[in-house]
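Take a look at the structure below.
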4 protein chains.
Amino acid sequence: MTKSTAHDEKRLGVAVVGAGYWGPNLVRNFQSSPAFRLHWLCDLDIDRARRVLGSYSTVRATADYAEVLADPDVHAVAVATPAGTHLDVALAALRAGKHVLVEKPLAATFEDGERLVAEADERGLTLMCDHTYCYTPAVARIRELVRGGELGQIHYVDSVRINLGLVQKDIDVLWDLAPHDLSILDFILPADVRPVAVAAHGADPIGAGQACVAYLTLQLSTGAIAHVHVNWLSPTKVRTTMVGGSRRTLIWDDLNPAQRVALFDRGVDLTTPHDLGADERRDALVSYRTGDMIAPALGEREALRAMVDEFAGAIRERRPALTDGRAGLRVLDILEAASRSLEFRGAVVGLRAGTGRTPRTEPLGGRR
Amino acid sequence: MTKSTAHDEKRLGVAVVGAGYWGPNLVRNFQSSPAFRLHWLCDLDIDRARRVLGSYSTVRATADYAEVLADPDVHAVAVATPAGTHLDVALAALRAGKHVLVEKPLAATFEDGERLVAEADERGLTLMCDHTYCYTPAVARIRELVRGGELGQIHYVDSVRINLGLVQKDIDVLWDLAPHDLSILDFILPADVRPVAVAAHGADPIGAGQACVAYLTLQLSTGAIAHVHVNWLSPTKVRTTMVGGSRRTLIWDDLNPAQRVALFDRGVDLTTPHDLGADERRDALVSYRTGDMIAPALGEREALRAMVDEFAGAIRERRPALTDGRAGLRVLDILEAASRSLEFRGAVVGLRAGTGRTPRTEPLGGRR
Amino acid sequence: MTKSTAHDEKRLGVAVVGAGYWGPNLVRNFQSSPAFRLHWLCDLDIDRARRVLGSYSTVRATADYAEVLADPDVHAVAVATPAGTHLDVALAALRAGKHVLVEKPLAATFEDGERLVAEADERGLTLMCDHTYCYTPAVARIRELVRGGELGQIHYVDSVRINLGLVQKDIDVLWDLAPHDLSILDFILPADVRPVAVAAHGADPIGAGQACVAYLTLQLSTGAIAHVHVNWLSPTKVRTTMVGGSRRTLIWDDLNPAQRVALFDRGVDLTTPHDLGADERRDALVSYRTGDMIAPALGEREALRAMVDEFAGAIRERRPALTDGRAGLRVLDILEAASRSLEFRGAVVGLRAGTGRTPRTEPLGGRR
Amino acid sequence: MTKSTAHDEKRLGVAVVGAGYWGPNLVRNFQSSPAFRLHWLCDLDIDRARRVLGSYSTVRATADYAEVLADPDVHAVAVATPAGTHLDVALAALRAGKHVLVEKPLAATFEDGERLVAEADERGLTLMCDHTYCYTPAVARIRELVRGGELGQIHYVDSVRINLGLVQKDIDVLWDLAPHDLSILDFILPADVRPVAVAAHGADPIGAGQACVAYLTLQLSTGAIAHVHVNWLSPTKVRTTMVGGSRRTLIWDDLNPAQRVALFDRGVDLTTPHDLGADERRDALVSYRTGDMIAPALGEREALRAMVDEFAGAIRERRPALTDGRAGLRVLDILEAASRSLEFRGAVVGLRAGTGRTPRTEPLGGRR
């Protein structure tokens, strides 16, 4: 039905797998990106796929994943199926030589994630994790501010992501919502500020069979603290992250479009005076800054569109994506540790050592 | 200077000790209450006491606490000195036969608090803890709603109390701010929903010598969870408490005078169907309520004035105050456990068994 | 390209004319409605039409309006061209026997609007005005509350619609933004509360050649007052309408998704006591209600989709649409009077008598 | 009772007349100011005066105004009686050689106000109008920003002051609330931007006998527009003023203590290109700035205290107060014109020519 044109030749052929909650958003954004040519929407339930495409589309629906993988026009596969199937679906795609984009979380376990990363590395294929929030103008700006030193030393991060949520059957609220906060944290923190241990507390007050309310405390390598509150039972929606620094503190309120990011020149300063006697010292130590607040102008780019563009860029330039498989792995590491902590009533669980950042200066792959 | 009149005879003579941060508020409210006659403001720094009284007052300033205790017109003493001195100041007053009101926290340690409670019991004197927030119209209404069953079973409580705070020298942010949240929690929860264990995580990212950011997780006797976030380093002030219940959820935003309390008829319901097969059951379990929100009209009474009136009522009626010494003890119990948890990096610490609620039906004292 | 199926036979064929700012929204909503089959997107700039449709659509783009009108599969035309062209485009469609949906404002002048209404009446065709806001769940509920008497007598309406807007070339801020407020007002007010006169004040402080800031005051038939503030120069967006009544007052804040509509049981009551002397009477007259606020749960239906469904319903049931041509005329009447008032520095201008509501009991058309 | 000390000799003796709504605030602030010594609180109802002073005060209450005026220790009188009595009370004080502070509005009519200004001028006494808002840190900063050119040319001012208000017996909502907005406008606008005409629309939907809702439109000398919305019937309180300028726009939300003043670098720019043909020109004219927002840090000084200090400064330095009698006159001029406009259904009414600003360079008085 789709006639390939000269222009299309230069586009990356892509297929979306999974027509559930997230799939339609990928369909829409791949369609609007000039970098891609969307060929397929694949779902075990072909009627669901057809409904997503609607009655006016030239994109093909199928229930046969093998058909998709066999299509030589398909260079990349976007996986939007349940987390438990990520390993199989993504592995099959990589083995068929396709680049792969995977919904968060990267996989159901850290080990599964490692297999995907290894497979992609070995084949020189792009493996990217759809950490959508990292592609919002707000988070992009926060990363710049944090990494550019505008906030000074990071003192604390506090993230709240609560709403009346779909109580999931197979995953708890931590695995459902915290990947957003953890991927953002991974994205914005400087390379030398890393989570080293985690403690999690949760409750299942409605008897759903898994935690519906959870609190995550991360110890950072610098002695700073990060905290995440996720909750499926809140009647109101809150999406607020504070990043406290020695120079400035930032508050990101994603539900306030008029002022998503606010940068406060307010804070507590401690100085160590040399010329004071012991008695005076205590009083002299603390001072308070009460400066202006700035809400920087942010663009209104759709995050998913920027994510899709990054996927194309990573494939074409044979470089790791901003949120590559390793970023997905680091998030899985924390999620697994948090689950273990939940099991042991909040015990502090250390993170794996080997899941540091991808060294950005030495691009992955290249064998392709 | 103050001529005693027939009317004054019926008033309770009172002295305020401590002219620092809180003292002036007590001075103002005792002056405006017809139940009291304020005789003294006592502070080691008599000039500070004089400044607080101003140039137009007939109230006497003194630096001599003994003079205050010796004054037979003084029936009650309100203690607004640093927590470390509460034991000595309050004990002296009780031993001089005065009723005592103490700023939160009741004392520096649980043990000190117990001595005060025992002394007051023995002498049949009123010992009250100034848990001011419990006397706001908002908290009074929340207590009614929670205890009256309007919210159903309590599922979770989440309290955030953060701002750019005075970094204290001798106490950390937990002891400075969390007494508010814990006394409110103690006040609003039904008698059969009690904290049983606590875990605390904190950080001192500015090198102040004690935690400036802290998170407290309380396990409640019903399996529900309560969480408190206190922070001295936040550039913005937040005072928000959510109380999630099986029937309704309540949000108290103390900084929104137009809508302090909001009651949401929204939530997740789980039902256990009997007539379904195992496969269908999972899907049928969860349903969502999306009802109206109601913000009840609240009076605009000043909390401290109501607290002062309760102090008078408790003295006159020889009954425990709504926030009596035992309430102060229960808060101390949690604070001490939280400090121990902080020391041990978040370990869960159980609470004392014997600090249950005062049995309201059997009034204290009476020997007087 | 589009093969007509049995199912499609039952759908109303539709074409959208105009691929500018609003057209794409109509395209999307006609496509998602099972009541319609979208055949054409027509724009003088065919490339613009093609860009709107994208590379995956089976809908045809054309620059030739005659081709559209000649298509017997097209039963209805949706006009999203500039207001100055509405008369010609809509008239041609009506004369070709097509039902017509027109973007607000109905036409460039009241007289033009009258010609459209007459033409549609004569031919028994549906003429509908896309007053989109009337189809939001919020406005639907407000109409119910106002007309159902929940607010009592209407005392005042105050509407603010300001933002950093596109400074239009050919129309001022009144004609650009106020049609929204006026169509909402027309929609929610009871039939016996009608605007009778209008005064408008405006300014063009940037020298744009027409008013960029304007204030509209409407005198209602009951002595109540309505006021509209529209502004293209505001750095922040505000969309707030208050409807004050004798029993309750309602505030609609369209930018607060968590609480769009709030109903306040607060207000001033005046009573006329019979048993008081003249002196006492004055004091006794006024009393204040300070009751609860209720924010009713609203659905999250897309307004344009509901508007499109109403268009289908009106066509099929041969009844006037909720926002029919006459509603569009009533809005034009006020806009023209407001323009005249602006010219004469705020002079009060009476409205036409003959533009009352469509008598709902006597359905239009039927001759078809 | 009050023993004069050396320190007191240097203080200005002051008396407050009127113990109603506002008087107690003046009493409190004169007491806390080291520049004044408060001697009397005078009210026809001496019990009301006594209640305001409370049982611990050394200030004298009296119902005998003559006694106050005869007291040589009284150098200044602060008038907080109903507006209708301002002329008599203030005139008597001036004739007794006292400096005078008057609650807003300065007097019940422009003519009365003129008599007060003339009397004070003649006697070289300070006549000040208590335009309290002008002494808030927010308005002080706004004045700096506007007059310092930070906003560029002023394009519009929009002020909303609505709440559930006390329905007054003798004055309508314009005279009750708009003096605040008008005195602020007078205070912040540069000397060359003056109101020249006013139109007012109002309604009395509850039958109170006077307007309870009113809208005021001011034409400024530069072609800019100012608008004031005052309303006694609103269930929510709003206190928001926008000042739109060619360079920046400012929003003051007095009910948002965390961010009272916000300065937006967003707006519409019009440029007049020279090198474009006629056709291109239209499109090239308009451009949009979308810059950052800055919320400047403001102090938390109490406005009334700063007002009281300014009163002392004006008396001691024999200079006009920042809000002197002439400022009060300019406000009265607008209020009278607005009342006339209300009477004539919104007709535009010109302002007096002779009420320009006090020439600041040529201080008043000096004869004393």
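The values are calculated or read from the model by the stated rules, or taken from the named source; none is laboratory data. Model, not experiment: these values are computed from the prediction. Don't worry about glycine lacking a Cβ; one is built from the backbone with ideal geometry, like all the others, and counts go over all protein chains shown. Keep in mind that these areas ignore ligands, DNA and RNA; they rest on the heavy atoms of the full protein, side chains included. Shrake-Rupley method; radii C 1.70, N 1.55, O 1.52, S 1.80 Å.
Figures for the structure shown
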quantity: Shortest-first nm distances, C:E144 label point to equivalent points in other copies (7 Å, Cα→Cβ); calculated: 2.9, 4.6, 5.2
quantity: Cβ neighbours within 10 Å from other chains - mean over D:340-352; calculated: 2
quantity: Chain pair C, D: total accessible area buried, heavy atoms, 1.4 Å probe, Å²; calculated: 4100
quantity: Label-point separation in nm, D:N256 to C:K169, each point 7 Å along Cα→Cβ; calculated: 3.6
quantity: Most to least packed among D:248-257, B:177-186, A:155-164 [average Cβ atoms within 10 Å]; calculated: B:177-186, A:155-164, D:248-257
quantity: Separation in nanometres of the label points that stand 7 Å from Cα toward Cβ, at A:R352 and B:D269; calculated: 4.4
quantity: Straight-distance crosslink candidates among lysines, where the alpha carbon sits under 22 Å from C:K104 and sequence neighbours closer than 8 are dropped; calculated: C:K169, C:K237
quantity: Separation of the B:A63 and C:R289 label points, Cα + 7 Å toward Cβ, nm; calculated: 6.1
quantity: Whole-angstrom gap from region D:217-252 to region A:35-57, using each part's C-alpha centre; calculated: 52
quantity: Highest-fluctuation residue, D:M128, D:M307, D:M242 considered, GNM on chain D with Cα pairs under 10 Å; calculated: D:M242
quantity: Sequence-distant lysines (8 or more away, or on other chains) whose Cα lies within less than 25 Å of C:K98; calculated: C:K3, C:K10
quantity: Intensity falloff of chain A expressed as log10 I(q)/I(0), Debye formula with alpha-carbon point scatterers, at q = 0.06, 0.08, 0.13 Å⁻¹; calculated: -0.25, -0.44, -1.09
quantity: Mean separation of Cα contacts under 8 Å, 6 or more apart, over the residue count of region C:6-127: relative contact order %; calculated: 23
quantity: Computed magnitude of the charge dipole of region C:6-127 (debye, nearest 20; Cβ of K, R +1, Cβ of D, E -1); calculated: 500
quantity: Chain B: angle of helix B:23-32 to the longest principal axis, Cα-based, in degrees nearest 10; calculated: 80
quantity: Computed over region B:101-232: relative contact order in percent, which uses C-alpha pairs under 8 Å that are six or more apart; calculated: 26
quantity: Gain upon complete extension [B:Y21, B:R345; 0.36 nm per residue less C-alpha separation]; calculated: 113.4 nm
quantity: Theoretical ellipticity at 222 nm over chain D - DSSP helices of four or more residues, -39500 (n - 2.57) apiece, nearest 500; calculated: -10000 deg cm²/dmol
quantity: 7 Å along Cα→Cβ, label-point gaps from C:P190 to other copies, nm, shortest first; calculated: 4.4, 5.2, 6.7
quantity: Degrees separating the helix A:137-147 axis from the principal Cα axis of chain A, which is the longest one; calculated: 50
quantity: Helix C:173-188 axis, angle to chain C major axis (alpha carbon atoms, nearest 10°); calculated: 70
quantity: Positive dipole terminus of region C:6-127, leading residue within C:V59, C:A15, C:A76 (C-beta point charges); calculated: C:V59
quantity: Most mobile listed residue (D:A80, D:A327, D:A262) in chain D, GNM with C-alpha springs under 10 Å; calculated: D:A262
quantity: Average beta carbon contacts from partner chains per residue of B:56-62, 10 Å cutoff; calculated: 4
quantity: Percent accessible area from carbon and sulfur atoms, the protein assembly as shown, protein chains only, probe 1.4 Å; calculated: 50
quantity: Inter-chain shielding of D:29-35 (mean C-beta neighbours from other protein chains, 10 Å cut-off); calculated: 1
quantity: Relative contact order, percent, chain C [alpha-carbon distance under 8 Å, six or more residues apart]; calculated: 18
